[in-house]
Amino acid sequence: MQVATVANHMLRVAVNGYGTIGKRVADAVCVQPDMELIGVAKVRPDYVATGAAHAGYPLYTVDPAHTDSFRQNGIEVAGPLEELVETSDIVVDTTPGGIGIQNRPLYEQCETPALFQGGEAPDVADVSFNSRVNFEDAIGVDYVRVVSCNTTGLSRLLGPLAEFVGIEKARVTLIRRGGDPNQTDRGPINDVVPDPVTVPSHHGPDVQTVFPGLSIDTIGLKVPTTQMHVHVVNVTLNAPAAEADVRERLEREPRLVLVPGSAEIDGTGTLKEFARDSGRPRGDIWENCIWEESITVDGREFYCVQAIHQEADVVPENIDALRAVAGTHSGPESRTLTNRTLGIGFERFQQPPTTVADRPTAD
Ligand SMILES: NC(=O)c1ccc[n+]([C@@H]2O[C@H](COP(=O)([O-])OP(=O)(O)OC[C@H]3O[C@@H](n4cnc5c(N)ncnc54)[C@H](OP(=O)(O)O)[C@@H]3O)[C@@H](O)[C@H]2O)c1
């Protein structure tokens, strides 16, 4: 397979599906020293396509019948999707849930490995992936599914807890954003909807795709916000632990940010505002944000409340999954590189917002 030969050159990455996740993955690929974005593919010549053109990304069409409408909108088309897949070492498929499985035959035909996303069923790929929990399982594997935003957020938190004292049982209530900011068709709404109303929600079984054998029950609700998901987590640990030790263990994880009470970040709105003020691209928060004051350990019972930015947390996971498939780095090496290039980490998130005085002068 082509990707086996990439150790000596830049990994040529294609993004099929330049939407909420795809545009962020494309930007993240561009700042990696070992990767090259060779193009992105899209169906419609809308404002997002204009954004790709402004970013200088070669834009390929999923349906060549639309080529003229792209050109009429002043957007240059580099070619059809098939050409993009043929010329890449690996494709990140970020099409809507259920479309990735339809694309897999094309990737197989072109002998191009691919990453799929959490909207696909687990059997779309050979491995469901979370960088912190099972990077090694994806090394050299051709088809890998990067799990959903919620599953990513839960796996990152439960992984260190399992290593530290072990988990007897995890119970999580997921308060899920009703839609992304651009999903106008999901609103307006004014409701709180158990979704699904049955227990467990699909999230628990999905966490088990990267964490086999974990005992976990999840309940899901949807609320009318586009900001972030919030998880209310209770874990029964295998043994009693000191709260300070658990806190210290979580603090060591770069993709877990403990939000201090002193920051006065009292909800997902202020969290997103802080990210924007900090200069994060698109206001993205790649890390789990755990309200530090919510961390409570009572004997074997651990509790916390964390916020997950659904549009962003899977982005570093996709970058790590690319390296796993290419077989060029170990998990720790890849995570360190991804964290550094994206600017992930507690220190950066703690930086005070840029002030006018900090800005460089014109000369
Ligand atoms: N959004 C989230 O919060 C989130 C979080 C984690 C994981 N995910 C998963 O990531 C995947 C992508 O989600 P997303 O929210 O980024 O989707 P999205 O914003 O709707 O973007 C999907 C992109 O795929 C393109 N596309 C390519 N082939 C297509 C086809 N045959 N039919 C329709 N569209 C096609 C669309 O093109 P046009 O725009 O031109 O139509 C669009 O650019 C899904 O599996 C989803 O479950 C999403």
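Contact order normalised by length for segment 47-155, with contacts defined as Cα pairs under 8 Å and 6 or more residues apart; what percent is it?
Worked out over segment 47-155, it gives 18 percent.
Tell me which residues come under 5 Å, amide H to amide H, from residue 39 once H is placed; ignore anything under 5 positions away on its chain.
15
Can you run phi through the Karplus equation (6.51, -1.76, 1.60; θ = phi - 60°) for segment 164-172 and list ³J(HN,Hα) in whole Hz, with x for Gly and Pro?
Each residue's phi maps through the Karplus curve to give 6, 10, x, 10, 7, 7, 10, 10, 9 Hz.
Could you list the square roots of 5 times each eigenvalue of the Cα gyration tensor of the chain, that is, the equivalent ellipsoid semi-axes, sorted largest first and rounded to whole Å?
Values: eigenvalues 220, 112, 89 Å².
The answer is 33, 24, 21 Å, longest axis first.
When DSSP beta bridges are limited to those with both residues in the chain, what percentage is antiparallel, rounded to the nearest 5?
Within the chain, antiparallel bridges account for around 40 percent of the total.
Let me know the number of lysine pairs in the chain closer than 24 Å at the Cα, not counting same-chain pairs under 8 apart. Mind dumping the intermediate values first?
Details: 23/42; 23/272; 169/222; 222/272.
The number of close lysine pairs in the chain is 4.
Just tell me the longest site-free run in the chain, where the sites are GluC sites (Glu not before Pro) in a DSSP loop having at most 14 other beta-carbon atoms within 10 Å. Mind showing how you got there, number by number?
On the way: sites that count: 76, 111, 264.
Value returned for the longest uninterrupted segment is 112-263.
HN-Hα J couplings of segment 95-102 from phi, Karplus 6.51/-1.76/1.60, θ = phi - 60°, integer Hz, Gly and Pro as x?
7, x, x, x, 8, x, 4, 6
For a quick check of understanding: with a 1.4 angstrom probe and all protein chains in place, what accessible area in square angstrom does residue 123 have, to the nearest ten?
The accessible area of residue 123 comes to roughly 120 Å².
HN-Hα J couplings of segment 130-146 from phi, Karplus 6.51/-1.76/1.60, θ = phi - 60°, integer Hz, Gly and Pro as x?
Per residue, the Karplus-derived 3J(HN,Hα) values read 9, 4, 6, 9, 9, 3, 4, 5, 9, 5, x, 8, 6, 10, 10, 10, 7 Hz.
The values are calculated or read from the model by the stated rules, or taken from the named source; none is laboratory data. Just so you know, these numbers come straight off a predicted model, no measurement behind them. Note: ideal-geometry Cβ built from the backbone for every residue, glycine included; neighbour counts use all protein chains shown. For the accessible areas, the whole protein counts, side chains as well, though only heavy atoms, and no ligand, DNA or RNA atoms are used. Shrake-Rupley method; radii C 1.70, N 1.55, O 1.52, S 1.80 Å.
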